[in-house]
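Undergrad: Take a look at the following structure, please.
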Amino acid sequence: RQQNSIFWIYGYHATLAALRNPHRRKYELLLTSDTQKRVSQEKDFSILNRVKQKILTRAEIDNLVGKNINHQGICLSVEKILKKTIKEFIGEQNETYSTLVLLDQLEDSQNVGAIFRSALAFNINGIILTENQSVNENGFIAKSACGGLDKVPFTYISNLSSAIKTLKDNGYWVYGLDGKSNKLINEIDFPNKTVLILGSESDGMRKITSSICDELIKIKISDQLESLNVSNTAAVVFYHLNQKTL
């Protein structure tokens, strides 16, 4: 086991997605009797039933994950997914068509979870997160992602410049989302292999990051608003890209 690598995933959809993920190491499933009945109705119940289970009351689960957490009567003890190198991650992508998202120093679990959820909804092929000054994999992200954390491939990088160079060497064109750009996303004919970079919640994209992008782009919003939340921006851009590939 990796140090500090075990945590609780909670919430019905997040937990079932983790149970179904062959790349996720699972230890113990805790659930209420009512939730156990619901899980038993799932078509692949035989697969879900392979993990050690314990029936608890809702209050007992509260004591494990927190009284203010909407766990829906189910939680799963898991390990963080083993990190892949950027070369390994790229190697698992489709050689012809691939849209990846790079999250540069995002620190809010709810934002990251929402981005995973939107990525799943709009067919983003993978997410890359920076290790430095970024939120790490946790139960709140999994719950907010509503299954996306275990369905959208992801990895972490320690050196952003090196990772972007590797992406470019493998045929990706890199776009940074920047509200100060003069080019709108609807003016771009996105290539088959695309990387979108989203900057932090407070400061946006770092100068060093924007300097190594192939192009900076933005979405058009009302002049009455300075910017959108990063997860809202992600959802709009993901939807736009998904429409172009339908």
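Undergrad: For segment 17-45, enumerate the residues that are in contact with a strand residue (DSSP E or B) (Cβ under 8 Å, 6 or more places away or on another chain) and farther than 17 Å from GLU79 by Cβ. Break it down stepwise before answering.
TA: Of segment 17-45, the ones in contact with a strand residue (DSSP E or B) (Cβ under 8 Å, 6 or more places away or on another chain) are 18-19, 24-33, 35-36, 39.
If the condition is that a residue be in contact with a strand residue (DSSP E or B) (Cβ under 8 Å, 6 or more places away or on another chain) and farther than 17 Å from GLU79 by Cβ, then LEU31, THR32, SER33, THR35, GLN36, VAL39 are the ones that fit.
Undergrad: Considering segment 144-161 alone, what residues qualify as being open to solvent by 60 Å² or more (accessible area, probe 1.4 Å) and over 11 Å from the mean Cα position of the chain (by Cα)?
TA: Scanning segment 144-161 gives SER158, ASN159.
Undergrad: Any residue that is touching a residue at least 24 places away in the same chain (Cβ under 8 Å), touching a Leu at 6+ places or on another chain (Cβ under 6 Å) and open to solvent by 80 Å² or more (accessible area, probe 1.4 Å) - is there at least one of those in segment 66-75?
TA: No, segment 66-75 has no match at all.
Undergrad: Among (1) farther than 30 Å from MET205 by Cβ; (2) assigned to a helix (DSSP H, G or I), where does SER77 come up short?
TA: In the conditions (1) farther than 30 Å from MET205 by Cβ; (2) assigned to a helix (DSSP H, G or I), SER77 misses (2) alone.
Undergrad: Count, please, the residues in segment 1-41 that happen to be in a loop (DSSP other than H, G, I, E, B), open to solvent by less than 50 Å² (accessible area, probe 1.4 Å) and more than 19 Å from ARG117 (Cβ to Cβ). It would help to see each step written out before you state the result.
TA: Pass one, segment 1-41, residues in a loop (DSSP other than H, G, I, E, B): 1-5, 11, 21-25, 32, 40-41.
Next, from what is left, pick out any that are open to solvent by less than 50 Å² (accessible area, probe 1.4 Å): 5, 11, 21, 24, 32, 40.
Checking which are more than 19 Å from ARG117 (Cβ to Cβ) leaves us with 5, 32, 40.
Within segment 1-41, residues that are in a loop (DSSP other than H, G, I, E, B), open to solvent by less than 50 Å² (accessible area, probe 1.4 Å) and more than 19 Å from ARG117 (Cβ to Cβ) number 3.
Undergrad: Which condition breaks for ASN94 when tested against (1) closer than 19 Å to LYS143 by Cβ; (2) open to solvent by 70 Å² or more (accessible area, probe 1.4 Å)?
TA: Every condition holds for ASN94 apart from (1).
Undergrad: Just name the residue that is farthest from ILE185 (Cα to Cα) out of those in segment 197-227 that are among the aliphatic types (A, V, I, L, M) and open to solvent by 60 Å² or more (accessible area, probe 1.4 Å). Explain how you work it out, then say what you get.
TA: As a first pass, look at segment 197-227 and keep what is among the aliphatic types (A, V, I, L, M): 197-198, 205, 208, 212, 216-217, 219, 221, 225.
Pick out the ones that are also open to solvent by 60 Å² or more (accessible area, probe 1.4 Å) and you get 208, 225.
On the way: ILE208: 22, LEU225: 18 Å.
Per the criteria, the residue is ILE208.
The values are calculated or read from the model by the stated rules, or taken from the named source; none is laboratory data. Note that the structure is a prediction, hence the values are computed from the model and not measured. With ideal geometry, Cβ positions are generated from the backbone for all residues, glycine too; neighbour counts draw on all protein chains shown. Only protein heavy atoms, including side chains, enter the accessible area calculation; ligands, DNA and RNA are left aside. Shrake-Rupley method; radii C 1.70, N 1.55, O 1.52, S 1.80 Å.
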